[in-house]
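Okay, so here's the structure we're looking at.
The values are calculated or read from the model by the stated rules, or taken from the named source; none is laboratory data. Predicted model only: the values in this text are computed from it and were never measured. Cβ atoms come from the backbone with ideal geometry, glycine included; neighbour counts cover every protein chain shown.
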Amino acid sequence: MKGRLQDKVCVITGTGGSIGRAAALRFAEEGAWVVGCDTNAAAAEETVELVAAAGGRMVSLAPADLTTMAGCQALADFAVGEYGRIDVLFNNAAMAHFNWIEDITEEEWRRNTRDEVDIVFFMTKAAWPHLKSSGGTIVNTASLTGWRVFRTLGGLAHATAKMGIIGMTKQLAMEGREYGMRANSISPGVIETTQTREQLKDKEWADYMLGKTLLGRLGKPGEVANVAVFLASDESSFVTGIDIKVDGGMAVW
């Protein structure tokens with residue numbers, strides 16, 4: 001039986017990280033030709049090896065700098081050079097920075113914009129001509145922090161950036177519609193990743209955040225990857241311009 005992403009060329013950014021690695025494994029499991037990247041070359045290569053060991057197909061460009069248009073163009077060119085086209089772009093990579101309004105500096109603000117918004121815009125623009133040709137699909141990673149604020153989290157720049165991703169996704173869905181393209185986003189809640197592991201060592205922060213999670217536990221990277229597979233596949237063929245919260249019910253109460 002063919003997989004849900006059988007023979008689709010899927011570019012996934014940040015495949016050296018927790019969610020990116022889980023997505024690479026799940027996409028490959030569903031039959032995709034995966035193109036990954038990361039700033040960390042060793043972590044990126046480890047993901048390639050894990051995908052190969054599981055019987056999947058994956059290539060990776062690392063180290064990759066997606067904070068510049070040139071870096072994103074290099075990844076798009078690499079994908080097309082390897083597989084001839086791009087069917088799916090999963091803009092997963094990001095680096096969040098946290099601070100409060102009275103403490104955040106101009107440099108911190110601009111760094112957050114660069115590491116969370118610019119990389120999505122640049123990568124999408126680089127891949128856009130190929131996605132137009134294939135009638136492709138875009139999946140962007142936003143965050144529940146765009147929808148909810150938390151008293152223990154100095155998330156001003158992060159919340160602004162991630163709600164910007166949600167707005168960008170809607171615009172992309174509108175602009176791509178005439179080419180058969182779709183664009184959606186995912187807003188994870190508290191997921192156990194390499195980025196949240198340090199935060200979770202703060203008992204006050206962890207207790208507060210988990211107390212707001214309806215299911216009373218952390219999310220797993222694979223649970224986000226499962227939603228990305230759905231949005232990337234033809235199963236979601238009538239779904240575009242939306243954001244799906246993968247948050248264990250945090251947004252409910």
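Here are the numbers for the structure shown:
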{"quantity": "Sole residue being surrounded by fewer than 16 Cβ atoms within 10 Å (Cβ to Cβ), closer than 23 Å to Asp118 by Cα and touching a residue at least 12 places away in the same chain (Cβ under 8 Å), chosen from Ala41, Ala79", "calculated": "Ala41"}
{"quantity": "Restricting segment 237-253 to residues that are farther than 13 Å from Thr141 by Cα and among the β-branched types (Val, Ile, Thr), the residue that is surrounded by the fewest Cβ atoms within 10 Å (Cβ to Cβ)", "calculated": "Val252"}
{"quantity": "Residue in segment 127-139 that is closer than 20 Å to Ile165 by Cα, aromatic (Phe, Trp, Tyr) and in a helix (DSSP H, G or I) present", "calculated": "yes"}
{"quantity": "All positions within segment 77-99 that are of a type in the set (Phe, Trp, Tyr) and either at pLDDT 95 or above or farther than 21 Å from Thr152 by Cβ (or both)", "calculated": "Phe78, Tyr83, Phe90"}
{"quantity": "Residue pairs meeting the criteria (Cβ under 9 Å; at least 6 apart or on separate chains; first closer than 19 Å to Thr169 by Cα, in segment 229-253; second among the small types (Gly, Ala, Ser) and surrounded by fewer than 18 Cβ atoms within 10 Å (Cβ to Cβ))", "calculated": "Ser233/Gly3; Lys245/Ala251"}
{"quantity": "Options Thr141, Thr196, Thr152; residue that is closer than 30 Å to Glu107 by Cβ, among the hydroxyl-bearing types (Ser, Thr, Tyr) and free of Cβ contacts under 8 Å to residues at least 24 places away in the same chain", "calculated": "Thr196"}
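Residue by residue, here is whether (1) modelled with pLDDT of 95 or more; (2) of a type in the set (A, V, I, L, M); (3) closer than 19 Å to Gly155 by Cβ holds:
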{"position": "Thr213", "(1), (2), (3)": "no, no, yes"}
{"position": "Arg217", "(1), (2), (3)": "no, no, no"}
{"position": "Lys220", "(1), (2), (3)": "yes, no, no"}
{"position": "Val229", "(1), (2), (3)": "yes, yes, no"}
{"position": "Asp234", "(1), (2), (3)": "yes, no, no"}
{"position": "Val239", "(1), (2), (3)": "yes, yes, no"}
{"position": "Asp247", "(1), (2), (3)": "yes, no, yes"}
{"position": "Val252", "(1), (2), (3)": "no, yes, no"}
